[in-house]
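A quick write-up on the structure given underneath.
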Amino acid sequence: LNLELEAGSASGEIEGGFDLRLAGDLLYAGVELFAGAGSDLELDAARLVFTRKDPQGRAAGPFGTRRAALGDAFSPGLSLGPRPASGRGLVLSSMPLDRASVFQSTDLRGELPLGYEVELYVNGVLRGVQAADGQGRYAFTDVPLAYGLNVVRLAFYGPRGERREEVRRINLDGARAREGETVFAFAAVEEGRTVLGLGEQEDLGWRVVAEVAHGLPGGATLTAGAAAFTPQGGPSRAMATAGLSGSTAGFAVQADLAADDRGGV
């Protein structure tokens, strides 16, 4: 529980805010609950998610699923087309737990306490700064990485001088699917809405995304994907993608093609 209170003799009013985070085991899954309030101390945001992870791909869901999330979750994006988005729904992935995504985009998300800010550095270069959103978390999506080893550093700063860091090392070449390996990601979320329905709720419709990657000989990765979503400021659409990535003559190479039902290519 993180609680802040402020009082002044001039106004005679008490203001502040709080956020509450609970995590544990429930119904054979990990459960996380967040609840937060703004300066009026009235509850105005909440989210709930159940997750399962299994490195062997046997206990988290069908078809070798290693990660499963039900509740307020994030849908993945495609290399062309829909961006990652949050909403209430179901997300499944068979991606190994110790590897970054093979789908050519890296997303960094996590919890961010009340009053904190986080800075993102990639290979020593500042890439972004965020404060907590209305749901008490941060999200850096589609983070660009260089081919080879990348050092990703997250620096957290608290309202009273607190500071801590998280460092991750991501090998972009190692994120490709191994030869003969097939992995997938699937998500169906109602974008802009939360399970408990508190806080600002937007009606952005359902976002369904699916993608499959297969490792080819020579270190190449073949991907295929499909999605149905509503872009910001535009009508809903359905689309499909296909792509090939690998390396040749010491260069990283990636080619993607996409088309939708509204004539976009």
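Details
- Checked across the range 147-155, the condition of being touching a helix residue (DSSP H, G or I) at 6+ places or on another chain (Cβ under 7 Å) and not polar (S, T, N, Q) holds for at least one residue.
- Count of residues meeting criterion [over 24 Å from the mean Cα position of the chain (by Cα) and modelled with pLDDT under 90] in the range 236-259: 8
- Qualifying residue in the range 158-170 (condition: in contact (Cβ under 8 Å) with a residue 40 or more places away in the chain, out of contact with any helix residue (DSSP H, G or I) (no Cβ under 9 Å at 6 or more places or on another chain) and surrounded by 18 or more Cβ atoms within 10 Å (Cβ to Cβ)): yes
- Some residue of the range 232-244 being outside any strand (DSSP E or B) and open to solvent by less than 60 Å² (accessible area, probe 1.4 Å): yes
- For GLU191, the requirement of being over 17 Å from the mean Cα position of the chain (by Cα), of a type in the set (Asp, Glu) and either at pLDDT 90 or above or surrounded by 12 or more Cβ atoms within 10 Å (Cβ to Cβ) (or both) is not met.
- Given (1) more than 30 Å from GLN135 (Cα to Cα); (2) open to solvent by 50 Å² or more (accessible area, probe 1.4 Å), number of the condition GLY264 does not satisfy: (2)
- Residue selected from the range 119-137 under the condition surrounded by 14 or more Cβ atoms within 10 Å (Cβ to Cβ) and over 16 Å from the mean Cα position of the chain (by Cα), by the criterion nearest to TYR157 (Cα to Cα): GLU119
- Within the span defined as the range 165-181, one or more residues are of a type outside the set (Val, Ile, Thr), modelled with pLDDT of 85 or more and assigned to a loop (DSSP other than H, G, I, E, B).
- Among strands (runs of 3 or more DSSP E) entirely within the range 8-60, having at least 2 residues that are within 22 Å of GLU191 (Cα to Cα) and either of a type in the set (Ser, Thr, Tyr) or open to solvent by less than 80 Å² (accessible area, probe 1.4 Å) (or both) singles out 29-37, 43-53.
- Restricting attention to the range 196-211, the residues that are open to solvent by 20 Å² or more (accessible area, probe 1.4 Å) and at pLDDT 90 or above add up to 3.
- Restricting attention to the range 61-71, the residues that are part of a strand (DSSP E or B) and in contact with a Phe, Trp or Tyr (Cβ under 9 Å, 6 or more places away or on another chain) total 4.
- Residue tally, condition more than 21 Å from PRO113 (Cβ to Cβ) and in contact with a strand residue (DSSP E or B) (Cβ under 8 Å, 6 or more places away or on another chain), over the range 125-140: 2
- Entry remark, the range 171-185: residues being open to solvent by less than 70 Å² (accessible area, probe 1.4 Å) and either in contact (Cβ under 8 Å) with a residue 60 or more places away in the chain or over 28 Å from PHE229 (Cβ atoms) (or both) number 10 in total.
- Residues of the range 138-149 classified as modelled with pLDDT under 85 and either open to solvent by 20 Å² or more (accessible area, probe 1.4 Å) or more than 16 Å from the chain's Cα centre (by Cα) (or both), total: 8
- Candidate set from the range 70-92 (those that are open to solvent by 20 Å² or more (accessible area, probe 1.4 Å) and modelled with pLDDT of 90 or more); member that is nearest to GLU202 (Cα to Cα): ARG88
- Subset tally (residues that are within 25 Å of THR221 (Cα to Cα) and either of a type in the set (A, V, I, L, M, F, W, C) or modelled with pLDDT of 85 or more (or both)) for the range 97-122: 6
The values are calculated or read from the model by the stated rules, or taken from the named source; none is laboratory data. No experiment lies behind these values; they were computed from the predicted model shown. Because the Cβ atoms are built from the backbone with ideal geometry, glycine has one as well, and the counts that use them run over all protein chains shown. To get the accessible areas, we keep the full protein, side chains included, count just its heavy atoms, and leave off ligands, DNA and RNA. Shrake-Rupley method; radii C 1.70, N 1.55, O 1.52, S 1.80 Å.
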